[in-house]
Amino acid sequence: MATDAETGEYLKTLPPKHLEPLWSQMSLLVPALPKPVAEPHMWEYSEVFPSLAKAGEIVPEDKAERRVLMLVNPSMKAPCTTDTIYAGLQLVNPGETAPAHRHVASAFRFIIDGEGFTAVEGQKLPLRRGDVVVTPAWRWHDHGNESERPVVWLDVLDLPLFTYARVNFAEGYGEKRYPSQPVEASEWRHPWSDTQKALDAQTGDHAVYHYRDVAGEPLARTLGAQAERIGPGTATTATQDIRSFVYHCYAGQGFSMVEAASGGETLRLEWTSRDTFAVPAWSKVVHVNSSETEQAYLVGMHDGPFLDALGLRQSKT
Ligand code: 1HN
């Protein structure tokens, strides 16, 4: 056996060779539990919207390719809302255009207020409250607003994945708009009325609807979306999932009890219509509808397809 002094001398010889011992870091690299950096966090719309509206006044169209406030997890840096998911709130004023571009990252949009349009690869789709509209990877897209009021939506992208695989890049289209034709029904547009119908058709106090594309697959190769209905005065059963979620409340009033993977205090995140919150991987979660009379509707964007593609989806049981 070497003495401590000998081991110390030996360890000093490693860094100049760009070597490090695994044995002193093994439990960090292979922890006993999933170890997201993100923490549970709530962005109340009543707090975010005034800042976004201000950006709508002081940040002109030509100074922001996209006028977005990013929802940055308190334990992380932009673009992380969770370890794998980026979310932001975007505002387009009447008459403005968010110019055409395309990129490797995939985007979902959940429309919060107002009415606008997004043109995805030539399909000019309406953006109406509650709709989920998908911009698949590498499709031309621009946004606009032909109404009299600002349109606001939640953007959800797989951007944090590109902090590891640095292969996201974008191309601008030369002109503000990519040529498009108005379309109501599209494989990329999921109107709220269809979602609510599917949720209300399910019996029981907790209904889950998984958004699917025309091939029956999740909406992106990296990200998926689900909507949930929680009956008046009821709570969901506790889940603990390796997926992380960005949740958005479409309607209702309630709270989510979120215990982080690392344990510790359980956070109570109060939500109402238009609020958005982050649920990191492996959190224990219960959603509670605190209204005795109204249904609550949540939409959860998650990284399930990414985890599944890599064979990483595990549960402890
Ligand atoms: C993007 O292209 C949009 O097209 C929104 O509306 C948010 C965040 C980061 C990178 C690209 C959009 C984005 C984005």
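All of the numbers you see were taken from the coordinates with simple rules; none came from a lab. Note that the structure is predicted; figures quoted are calculated from it, not measured. FYI the Cβ positions are ideal-geometry reconstructions off the backbone, even for glycines, and counts take in every protein chain you see.
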(message) I'd like to verify a number: residues in region 72-87 that are surrounded by fewer than 23 Cβ atoms within 10 Å (Cβ to Cβ) and in contact with an Asp or Glu (Cβ under 9 Å, 6 or more places away or on another chain), how many?
(response) 4
(request) Under 8 Å between Cβ atoms, at least 6 apart or on separate chains: pull out the pairs that start in region 1-19 with a residue that is without any contact (Cβ under 8 Å) to a residue 40 or more places away in the chain and end on any residue that is assigned to a loop (DSSP other than H, G, I, E, B) and loosely packed, with under 10 Cβ neighbours inside 10 Å. (result) Tyr10/Ala2
(request) Starting from residues that are closer than 25 Å to Arg274 by Cβ and of a type in the set (A, V, I, L, M, F, W, C), keep the ones in region 140-176 and report whichever is surrounded by the most Cβ atoms within 10 Å (Cβ to Cβ). (result) Val156
(message) Going by what's in this entry, would Ala98 be described as within 11 Å of the ligand (Cβ to nearest atom), in contact with a Gly (Cβ under 8 Å, 6 or more places away or on another chain) and either free of Cβ contacts under 8 Å to residues at least 40 places away in the same chain or not aromatic (Phe, Trp, Tyr) (or both)?
(response) yes
(message) I want to confirm something. Restricting to region 177-196 and keeping residues that are surrounded by 12 or more Cβ atoms within 10 Å (Cβ to Cβ) and in a strand (DSSP E or B), which single residue is farthest from the ligand (Cβ to nearest atom)?
(response) His190
(request) Report, by residue number, each residue of region 79-93 that is part of a loop (DSSP other than H, G, I, E, B) and within 9 Å of the ligand (Cβ to nearest atom). (result) Pro79
(message) If Thr239 meets every condition in (1) surrounded by 15 or more Cβ atoms within 10 Å (Cβ to Cβ); (2) under 19 Å from the mean Cα position of the chain (by Cα) apart from one, which number is that one?
(response) (1)
(request) Can you tell me which residue within region 88-122, out of those that are crowded, with 18+ Cβ neighbours inside 10 Å, within 19 Å of the chain's Cα centre (by Cα) and among the aliphatic types (A, V, I, L, M), is farthest from Arg221 (Cα to Cα)? (result) Leu91
(request) Go through (1) under 19 Å from Val152 (Cβ atoms); (2) in contact with a Lys or Arg (Cβ under 8 Å, 6 or more places away or on another chain); (3) basic (Lys, Arg) one by one and return the number of the condition Arg109 breaks. (result) (2)
(message) Given the criterion in a loop (DSSP other than H, G, I, E, B) and out of contact with any Phe, Trp or Tyr (no Cβ under 8 Å at 6 or more places or on another chain), identify the matching residue among Leu11, Leu19, Leu28.
(response) Leu19
(request) Name every residue in region 65-76 that is assigned to a loop (DSSP other than H, G, I, E, B) and within 14 Å of the ligand (Cβ to nearest atom), in order of residue number. (result) Glu65, Arg66, Arg67, Leu71, Val72
(request) Consider Asp62 carefully, then state whether it is acidic (Asp, Glu), closer than 14 Å to His41 by Cα and away from the ligand (no atom under 15 Å from the Cβ). (result) no
(request) Provide a single number: the residues in region 101-133 that are part of a strand (DSSP E or B) and within 9 Å of the ligand (Cβ to nearest atom). (result) 6
(message) Given the criteria touching a residue at least 40 places away in the same chain (Cβ under 8 Å), of a type outside the set (Phe, Trp, Tyr) and in contact with a helix residue (DSSP H, G or I) (Cβ under 6 Å, 6 or more places away or on another chain), does Thr237 qualify?
(response) no
(message) Checking the condition under 21 Å from the mean Cα position of the chain (by Cα) and on the phi > 0 side of the Ramachandran plot, which residue from Gly204, Gly233, Gly224, Gly216 passes?
(response) Gly216
